[in-house]
Structure formats: C-alpha cells, structure tokens
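Take a look at the structure below.
The values are calculated or read from the model by the stated rules, or taken from the named source; none is laboratory data. Given the structure is predicted, the values throughout are model-derived calculations rather than measurements. Cβ coordinates were reconstructed from backbone atoms using ideal geometry, including for glycine residues, and neighbour counts include every protein chain displayed. Heavy atoms of the whole protein, side chains included, go into the accessibility calculation; ligands, DNA and RNA do not. Shrake-Rupley method; radii C 1.70, N 1.55, O 1.52, S 1.80 Å.
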Amino acid sequence: MTTRSLLLLAGLAAAMPLAGQEPYAPARLTADDYARAERFLAPGVGPLVTGVVTSPRWLDDGRVWYRVSTDDGSRIVVADPARQRVDRDADSTRLMAAARGDDRVGENEVVAPDGRKVAFVRAHDLWVRELASGRETRLTTDGVADFGYATNNAGWTKSDRPVLLWSPDSRRIATFQHDARGVGDMYLVSTGVGHPTLEAWKYPLPEDSVIFRIHRVVIDLEAPGGPAVIRLRMGPDPHRSTVCDHIVCRGLGWADVEWSEDGTRLAFVSSSRDHREATLRVADAATGEVRTVHTERVPTFYESGHRAQNWRVLAGSNEFLWYSRESDWGHLYLRDLRTGRLKRQVTSGDWNVLQVLRVDPASRDVWLIGNAREPGDPYFTYLYRVSLDGGAPVLLTPDSAYHDVALSPDGRWVVDTYSTPTTPPVTVIRDARTGRVVQALERADAGRLAAAGWRPPVPFTVKARDGVTDLHGLLYRPTRFDPSRKYPIINHIYPGPQSGSVGSRSFQAAWSDRQALAELGFIVVALDAMGTPMRSRSFHEAYYGNMGDNGLPDQVAGMRQLAERHAWIDLDRAGIYGHSGGGYAAARAILAYPDFFRVAVSQAGNHDNRAYEDDWGEKWQGLLVRNPDGTTSYDNQANQLLAENLEGKLLLAHGTMDDNVPPYGTLALVEALIAANQDFDLILFPNRRHGFGNEAYMMRRRWDYFVNHLLGAEPP
C-alpha cells in the first residue's frame, strides 16, 4: 500500500459524521467478535508488513547490516554505502556473532575495549577474567553485603550485571561501592502449596531518611604491585542520574560518566537527591583528586536530555558541552572546562535538542536528534548537524516524519528509517554531513495489511486545559465503523512524566491492543497531555509537585473537544485504562472525575508514591515534607484518600510478586475502598511480576470489563 493511499484512509476516517446517531449498544458480543478483534493484535498484523528494517549495526569496515521483514519471516542484509552495494544473501551467523562480540562473554560480565578480559562481581567484590587463559584476578577485597562494588540495584529494578566503565585503553575501571547500609527493605512472598518463599531486598522510599549512595572509585589494573583502588576524594553521591530512574539507563549503560581518550581523567555528573542540582566534576584517575567544574540548579528537576546524556567533555580544547532548559527549551551550551564560564549558546529557539549522537572535536561538528523545529507534528524527530562555533543547524533528514537513525562510528554515513503513524517506513543511507541520500535500502509494503481491513489511527490536535496549548494524539475506530452510531470512548493513558500515552510517532501495525479494543465497538484515544516530555520545560513541569494531576484535566478537555467535533463519540460512556503509571492515572481518573469517567481498568498502579521507589516520587513530586497538622506534601497524589468518591466501575489488578511497583499501594487503595463501603473488582496475579498488562488473561478481562460495563453488552 502506498503512502498516499494510507493518508487517504486517514483522511476518510477523520470525515465529519452524519447527524442523528443512535447509541451502539449490542445485547451481546460473540466469540467471533472477539476473534476478529484479536486479529488486530501484533501477532496478527505485524507479519503483514514487509520491508521493515530493525537493528542496523555498523561494522568496522564501513558497511552496515540490518534485519528486514519478509513474507516468510526476516533476513539479514548488508549495505556498503562507499561502494553502493547491497548483499541480500549475507552470512547472518557470522555477522550476529561479530555484533555480539566474543560469544564466550556472559550477560553478567562487562567486556574491556581490548576484548581480552571481562569484569564481573563475585561475593560483593569486583573481579576480572582473562578470556584467553581463564585466569581470574580479584580487584577489591573489602566488599560486603549492602556495601559491595558495582552493585546494580535501584530498588525498583536490580541485576547481577556490574555497573562500571572501562577506560579506552582497558587499563582502568571506573565504578563505586554501592552503600545500602541503613536502607529499608522491601518484602514479597510467593504463593503455593506449603511454606511461602520470602523475597527481601533493599528498596528505598521517598519518606526514608537514608537512600542508596555511591562511593566512586577508580581501579588501576596495572598499578605497581598489582591492582589498586583509588577512591575519589569526595563524599558519596545519592544514587541518581540526569537521564533515568537509575544510574544505569536503557541503551546507555552507566549514565553521567565519561573517560578521557587517554584514560587519565574521569568526568561525571553528581545529581542531588531531589534532582534539582547537577554538578559536572573531573577526577584525576591516578590520584583521586576531584575538581568541580560547573553546577546547574533548577526549581523542579534537571535532565541532561531526553533518554540521553547530552553533556560532553572536550579535553583537547578545554571545553565542555552542557545541556540546559534554562530558556524553556532544551539546548546546548559550550563552556570553558577550566572556569565553567559560558563561551556561547550552540543551539537556540523554540525547539528541543533531544539526543546528542556524536561530537567531532576535529571538525567541531555535533550530530543531534531534535524535535519541534520543523512544521507539522512536534513529536516528529529529525537529525541535525550543528557547529560548536555557531551558525544555524543543518537539517539532514528533511522528510516530515519520525526519523530513527543509526550514525556510523566515523560520522560519515547515517541509516535513516522514517515513517509516521499513517505511513509505512522507508529506509535510506544518507551522507551524514549533507543529508543527501546515497543509497536507497528498503520501502515497507503494507498492502496485505490494508487488504486485511486494517486502517491507520487518526492523528488529532486539541487544546489543553488552558485553552491555548496544542495537544496531540491518535484516535482508533472500529474497521466496521458506522457513522450513524454513537460509540463509547475509551482513553488509553500513560501520564508520564518521563513519557506519554501515544508513544513513538513511528509506524506500527499494532500499538498494544488499541485497535483490537476499538474493534469491539469503541472509540479509543491516546493523548499526550501536559506534564509529558518532548515539549517545552514549562509543559513538562505542568504538574510538578502534584502527581495526582496525571494530566487528567487535559485528557478530559481533549475528550470533550473530540466529542464536540464528532457526533459518533458518546461522552456519556467514557472509560479509561492503563498500566503502571497508567494504572495509577486510570484509578485517579475515576476517583477524581466521577461525573465523567464511568469505567476504569487500573493495572499495577503506583497509587501512592510513598510506597514506590524513592527516585520516581522525589524527582516529580519533590522531597516528602511532613506538616505540623499531620498532612504531608504527598497527600495530593494518594489515590486511597479519594476512595469515597467512587461512583463508576473500577477494576484493579496487580501481580503479587511485582518487584517494580510492589502491590502494597493497590492494597492500600483496596483497604480504603472497603472502609468507604465501595463496590469494586480486583484481580491478583499470584507470583507474577510487573509486566502482565498485555498477557491474554488480563487483556480478555479488560475487554470483558469495558464490553459489560461501558457497552452494556454480554461478553462471549
């Protein structure tokens, strides 16, 4: 199916309806109705799109390989932009092994840059093993329980993989002793026949006086007399990063740490417990001496980029690149490494630098991902090149779309896969300096998807609670849509603040079960409300200190505007659902807006952030303050305090072994609902962790709940 035809379908879907609608209210739904809906889940529609590129990886010789979907699965393709060649019969086994590195390395080991040794944790101490000989060397000797080296535990997530960063010459390791002494424990108990099994681990909460701390060290493997531990001459840092809720961030590894090219200096950013202060420091790897370079203090929370660490140290020119939203938008600033003094603002304007991909000290060019600078959807992302010495950014990916890029290590080429929610992806290789297309690789074919009855979601724009700010979302309708009917509307919500409800603006045959749920006779919407990222700082901070807001005033305002535009939306039958933070928001919605939302399905919600991990609540709500009257600064976000407001139908669900969002917040809400003599429904998943939301049983119960209580029909 062509891009034009998909856009025409989206336009038809947005057409104004007929007047005089009758409610869509079947007496019952059949097994065939559910089976038809199920066909719109990812396993049913995903294989119908071919030519989709995933995971491009550059090789040392300047070629790139990727996996592309085909009629019978997928295959590996190798492209050579320098020679304008494409090999569609590549040796996939060899390529994947090369991409993984030495396949003898385990997942709980970190390979040195020279590929000759790995670091790992054993009994709280750090060790290395030479891959060729298998010889092991103990690097530290004083690691103990709750004060071990390279420990990977953020409370809400934990791993046996060590947290460390090798120097480029493989001589030194930057890591820390993870101080959990005095930190409170979290407990979960498995269920089954016989004695239950207790799971206990360190898990700090916002109200705790003691949280995780990291004592930074450098380990010199080639010191005279054997490996030496050099402790940085500073106090411990709170277990925080400028990127995510852990010091280990997805796709980045250990965040906010950077070695100099010669391995003699270590740069890092220390974040305060409340995320309001970020300080760049540089340490001498041989002596442990630490110098403070620059500090930024903000009234809410500091981030160094969108899912990226955007600061860089340019040791050769005694400069550093710093990311700030001081202008209300995320931009790059060049500063003097010796004094911290500002030299120039590198980017500016009402748009965001999201991710710095590469800095070339020789050419003084920066490659970055940005958004909101070009006309159209502000969530479309683009690749730019900008000079450290000033001048306008060069747009390298001009197509109005969401661009997913993979820059070659030498900065010469870039694989660009671009698409929109209504148009399938196209993949090309561009010249990374000019943006010129040098090699066309793949163009996805969605013809079979369209033939199966699939229709793209409808992008829409509404005004926020302030009546001024534009909000953007996607709307899903039944493929057997009848414009003479009025359909219940269901809101799929994830309130942020670290992401939004819609997700990526790339093309997807299925986003979770949104279209499948619509097939049962609903209008389903996802809207990125205020309080979510990728817009201005003030937009992102909209409900800082009041997480109970959840962007719900914007969701309600947006749904009302959609109903005013489209007579086929029945606002008297409004529902909402979500998982994790979305589960929290869904329950909050029906408790805070009982006259609007009739049905809510709340899965794995963090209903009171005093019972959830410290980093989450303290970043977005602030530090917990107890008032003389017994109230706290966290009362405005606790769902159980609104239990008496429940009027509609509420389904709560949680896994009893959820080690991300422990079930106690849901149980506190249950207790309050019982105390208020409220009717509600509850599903507990014995021995299940956090990710049950889209499993078959939960999905079927969610569908049944909306069919029964919102559509007024009997499920099969």
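Filter the helices (runs of 4 or more DSSP H) completely within the stretch 1-98 down to those with at least 3 residues that are at pLDDT 90 or above.
Because the criterion is at least 3 residues that are at pLDDT 90 or above, the helices (runs of 4 or more DSSP H) in the stretch 1-98 that meet it are 31-38, 42-45.
Restricted to the stretch 105-140, and to residues that are among the β-branched types (V, I, T) and at pLDDT 95 or above, which residue is surrounded by the fewest Cβ atoms within 10 Å (Cβ to Cβ)?
T137
Please indicate, with yes or no, whether at least one residue in the stretch 255-265 is closer than 26 Å to V128 by Cα, of a type in the set (K, R) and surrounded by 15 or more Cβ atoms within 10 Å (Cβ to Cβ). Full working, then the answer.
So in the stretch 255-265, the residues closer than 26 Å to V128 by Cα come out as 255-265.
Checking the rest, the ones that are also of a type in the set (K, R) come to 265.
Next cut, surrounded by 15 or more Cβ atoms within 10 Å (Cβ to Cβ) only: 265.
Looking for residues that are closer than 26 Å to V128 by Cα, of a type in the set (K, R) and surrounded by 15 or more Cβ atoms within 10 Å (Cβ to Cβ), one finds at least one in the stretch 255-265, hence yes.
Taking the residues in the stretch 377-400 that are in a loop (DSSP other than H, G, I, E, B) and among the charged types (D, E, K, R) as candidates, determine which candidate is least open to solvent (accessible area, probe 1.4 Å).
Step by step, filter the stretch 377-400, then rank; the result is D377.
Being out of contact with any Lys or Arg (no Cβ under 6 Å at 6 or more places or on another chain), over 28 Å from S512 (Cβ atoms), open to solvent by less than 30 Å² (accessible area, probe 1.4 Å) and not acidic (D, E) is true for just one of A676, A653, A672. Which residue is that?
A672
Checking D416 against (1) open to solvent by 40 Å² or more (accessible area, probe 1.4 Å); (2) in contact (Cβ under 8 Å) with a residue 24 or more places away in the chain, which test does it fail?
Just one mismatch for D416, condition (1).
Residue check: is W329 open to solvent by less than 10 Å² (accessible area, probe 1.4 Å), under 23 Å from the mean Cα position of the chain (by Cα) and touching a residue at least 40 places away in the same chain (Cβ under 8 Å)?
Answer is no for this residue.
Do you know which of the residues in the stretch 401-413 that are over 23 Å from the mean Cα position of the chain (by Cα) and open to solvent by 50 Å² or more (accessible area, probe 1.4 Å) is farthest from N310 (Cα to Cα)?
The extreme case among them is R412.
Checking Q640 against (1) open to solvent by less than 10 Å² (accessible area, probe 1.4 Å); (2) part of a helix (DSSP H, G or I); (3) polar (S, T, N, Q): exactly one of these is not met. Which one?
Condition (1) is where Q640 drops out.
If you take just the strands (runs of 3 or more DSSP E) that sit entirely in the stretch 403-471, which of them hold at least 2 residues that are more than 30 Å from A37 (Cα to Cα) and modelled with pLDDT of 95 or more?
In the stretch 403-471, 413-420, 423-431, 437-443 are the strands (runs of 3 or more DSSP E) which contain 2 or more residues that are more than 30 Å from A37 (Cα to Cα) and modelled with pLDDT of 95 or more.
Among the strands (runs of 3 or more DSSP E) contained in the stretch 268-321, which hold 3 or more residues that are open to solvent by 20 Å² or more (accessible area, probe 1.4 Å)? Full working, then the answer.
Values: elements: 277-284, 290-297, 312-314.
Output list reads 277-284, 290-297.
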